[in-house]
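First the structure, in the form of structure tokens, and then the observations on it.
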Amino acid sequence: MKRQRIDALALDSYQRAVRVMLANHLVTRVYPDRIALPLIRRWATELREDMAELFGYRVEITETTARLYPVHDRLEDARPARSVNDRVFDRRRYAYLSLALAALGRAGDQITLSELAEHVADYASRIDGLELSTERAADRDAFVDAVGWLGARGALTLADGDAGGWASDPDAGEALYDIDRPVVFALFRPPRALQHLHSVRGLLAEDTEVAADIARRVRRALVERPVVYLADLTPAERALLGQERLIGEVEYCTGLRAERRAEGVALIDTSGRLSDTRFPGTGTLAQVGLLLIGEIADAVLDLDNPLPHRPLPDLHPAEELLDQLDTAIPEAGVFVPLADETPDPATDSDDEFAEEPDTYPFLDDAWVRTTVTALTDRYGATFAAQWQADAAGLTAEVLALLTKLRLIRPVEDGLLVLPALARYRGAVVTVRVRKTEELFVTAADVGTGVGGS
């Protein structure tokens with residue numbers, strides 16, 4: 001990257017553009033906000049060149065859209081699509097979203113919600129196990145979530161009516177949308193024809209030993225993962241991660257700062273424009289997560305009661321996800337003669353010279369349940385109402401958050417404590433407890449909660 005091209009006074013603007021592009025992949029006139037696209041267009045030339053050189057990404061920028069086409073080295077299930085109400089997409093919502101994009105690609109400049117639903121229902125009827133019935137409220141809600149996702153990104157703009165009214169009663173409600181065709185076309189453009197694949201692995205980057213490709217893989221890991229552990233990398237990648245020059249290039253490009261430890265490297269995003277999850281943060285899940293981290297750290301450091309250690313499971317979570325996705329590929333729609341042979345992951349390892357695997361502290365499910373229940377009993381009055389009586393649901397969501405942040409690794413009968421969790425072991429948690437004289441106050445005066453720093 002030619003650093004001298006960017007004036008020091010404009011460097012912050014450039015770095016903001018990089019973070020927005022890396023965080024969103026698609027930028028339109030309304031998404032993620034109205035100031036993002038002008039910022040991206042200002043740095044169009046630099047973004048195209050630097051994204052390609054540093055990460056191997058392709059960037060296409062037009063008057064109405066900016067699209068980053070990433071290169072995936074592995075799949076991650078920690079960043080699901082979410083509805084405008086922050087509802088995580090399930091398989092049905094993903095299916096409706098894909099079919100809605102297919103229908104919009106053949107539509108004109110406008111479409112009603114009921115017309116779009118008819119097209120999606122027709123497509124869905126041709127797929128075993130999938131259906132969209134406008135008579136079922138659950139189907140309508142899932143479909144409206146998919147449409148809302150498209151609307152948030154500017155592919156659809158509400159011209160008249162109300163999608164919520166249609167979801168409540170499709171016979172009484174209706175909505176009319178304007179279609180932004182450039183956004184629709186930019187949203188779905190896979191690197192290969194999907195019918196030519198018989199494994200999801202065909203969508204991933206080729207694992208080459210070319211020095212430039214290895215460096216790009218390491219840079220991609222730094223900006224895509226919360227933590228890059230040395231244990232996850234090949235020997236060649238580990239050597240590059242230890243180079244100040246490579247990390248410095250990513251720091252300069254993104255404006256983030258690398259935190260180095262013996263176990264790996266993490267980029268710290270104080271701007272909040274690259275990370276999709278801020279931690280520590282507000283909200284019950286983040287607050288309970290911080291409390292649970294403190295308990296886990298105390299257990300790990302308790303020399304009188306040492307924890308057992310275990311290695312990570314043989315199968316990486318990404319491999320598990322790939323295998324799960326492969327089972328869902330409809331065999332009838334795949335052009336087998338055109339498909340590439342999928343390498344056997346087992347052949348990539350050399351068992352004869354395998355190193356002794358690292359081990360990590362292990363905590364069983366009973367300990368986790370008991371600890372979260374104790375935290376709920378102690379601090380539950382400060383939690384959101386939905387979690388105060390749902391310790392099991394709270395435990396599941398908090399563990400999912402810590403897993404996403406790569407602080408723990410769930411296993412069949414408990415969890416493994418990963419090294420990055422130690423970063424928060426010194427966090428100070430304060431809880432504001434209302435005094436007796438504060439029990440009768442106006443709503444504007446109430447403010448309780450758990451905070452972390």
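Reported to the nearest whole Å, the Cα centre-to-centre distance from segment 197-216 to segment 243-309 is 27. With the contact rule set at Cα under 8 Å and sequence spacing of 6 or more, what percent relative contact order holds for segment 363-423? Normalised by residue count, the contact order of segment 363-423 is 36 percent.
Rolling a 1.4 Å probe over the protein chains gives residue 198 an accessible area of about 80 Å².
The shape of the chain comes out rounded: with a ≥ b ≥ c from the C-alpha gyration tensor, a/c is under 1.5.
For segment 91-187, the relative contact order is 33 percent, taking Cα pairs closer than 8 Å that sit 6 or more residues apart in sequence and dividing their mean separation by the residue count.
Computed with every protein chain present, the accessible area of residue 125 is close to 80 Å² [probe 1.4 Å]. Look at the alpha carbon pairs under 8 Å that are at least 6 residues apart: their mean separation over the length of the chain gives a relative contact order of 14 percent. Is the shape of segment 209-268 best called rounded, prolate or oblate, per the rule: a/c under 1.5 gives rounded, else a/b larger than b/c gives prolate, else oblate, with a ≥ b ≥ c the square roots of the Cα gyration tensor eigenvalues? Cα axes put segment 209-268 in the oblate bin.
Here the accessible area of the chain is 51 percent carbon and sulfur, with a 1.4 angstrom probe and all protein chains present.
Rounded if a/c is under 1.5, else prolate if a/b beats b/c, else oblate: with a ≥ b ≥ c from the C-alpha gyration tensor eigenvalues square-rooted, which is segment 91-187? Note, shape of segment 91-187 comes out oblate.
The helix-only estimate of mean residue ellipticity at 222 nm for the chain, built from DSSP H runs of length n ≥ 4 each weighted as -39500 (n - 2.57), is -12000 deg cm²/dmol after division by the residue total.
The values are calculated or read from the model by the stated rules, or taken from the named source; none is laboratory data. A quick note: this is a predicted structure, and the numbers were derived from the prediction, not measured. Side chains included, ligands, DNA and RNA excluded: accessible areas come from the protein's heavy atoms. Shrake-Rupley method; radii C 1.70, N 1.55, O 1.52, S 1.80 Å.
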